[in-house]
Amino acid sequence: MTTARDSKYTYLEDGRTQRFKEVSGEMHDPQDLLVFIPPWDKIGEQAIKMFPEIFNGVVNQAQFEQVILNFAQGKGKTMRPVNEQGKVLASLEDVAEDERVFISFVDKNENKTVFHLPVSKEPQIGWNTFDTKLYKDEDGNTLRERHIGNAVKDIEY
């Protein structure tokens, strides 16, 4: 699939995905999991009802993306792909086993989920990519790399 800024995602034989950033010519390391975040016009009304403290005042896609980017990049915050029971998912294989998948937006300082959003396991035109992988740092700590990508503009099978 190709995103609005011409990043190309490929599903690899080992069950991971890989992103090629056309603009810079950069091939990123394979990721363990890829899901798709719905656009604001599909979820906005319901998101405001369910999480008014987060989404009141959000009226468009750009504002919505700013809210979720704050969790991807903000200090003390994170995003975790989870199933309906709240189990953290680590791979596309994990995602395939569950009927419904969500992204939990977590305040790590308070160790609590602030809100969650349903995501798609399949690419959809207009939906943003979210890819992630687990890795170990130099001290042996397990960390999660997260990337919110641009909207999908083309899907090839």
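A few notes on this one:
- Per-region count, region 51-91, residues in contact with a Ser or Thr (Cβ under 6 Å, 6 or more places away or on another chain) and touching a residue at least 40 places away in the same chain (Cβ under 8 Å): 1
- Test: residue in region 93-102 that is in contact with a Phe, Trp or Tyr (Cβ under 7 Å, 6 or more places away or on another chain) and among the hydrophobic types (A, V, I, L, M, F, W, C): no
- Of the residues making up region 1-54, those that are among the basic types (Lys, Arg) and closer than 21 Å to residue 81 by Cα number 3.
- Against the test of being within 20 Å of residue 146 (Cα to Cα) and either outside any helix (DSSP H, G or I) or of a type in the set (Ser, Thr, Tyr) (or both), the options 72, 62, 90 yield a single qualifying residue, 90.
- Hits in region 3-50 (condition: of a type in the set (A, V, I, L, M, F, W, C), outside any loop (DSSP other than H, G, I, E, B) and in contact (Cβ under 8 Å) with a residue 12 or more places away in the chain): 20, 33, 34, 35, 36, 37, 40, 43, 47, 50
- When residues of region 111-134 are limited to those that are among the charged types (D, E, K, R) and under 13 Å from the mean Cα position of the chain (by Cα), the one surrounded by the most Cβ atoms within 10 Å (Cβ to Cβ): 131
- Within region 96-112, the set of residues being in a strand (DSSP E or B), in contact (Cβ under 8 Å) with a residue 12 or more places away in the chain and of a type outside the set (Asp, Glu) comprises 101, 102, 103, 104, 105, 106.
- Taken as a whole, the condition of being under 18 Å from residue 11 (Cβ atoms), among the β-branched types (Val, Ile, Thr) and surrounded by 12 or more Cβ atoms within 10 Å (Cβ to Cβ) does not apply to residue 82.
Every number here is computed from the coordinates shown, using simple stated rules; none is lab data. For clarity, every value in this text was computed on a predicted model and none was experimentally measured. Every residue, glycine among them, receives a Cβ derived from its backbone with ideal geometry; neighbour counts consider all protein chains shown.
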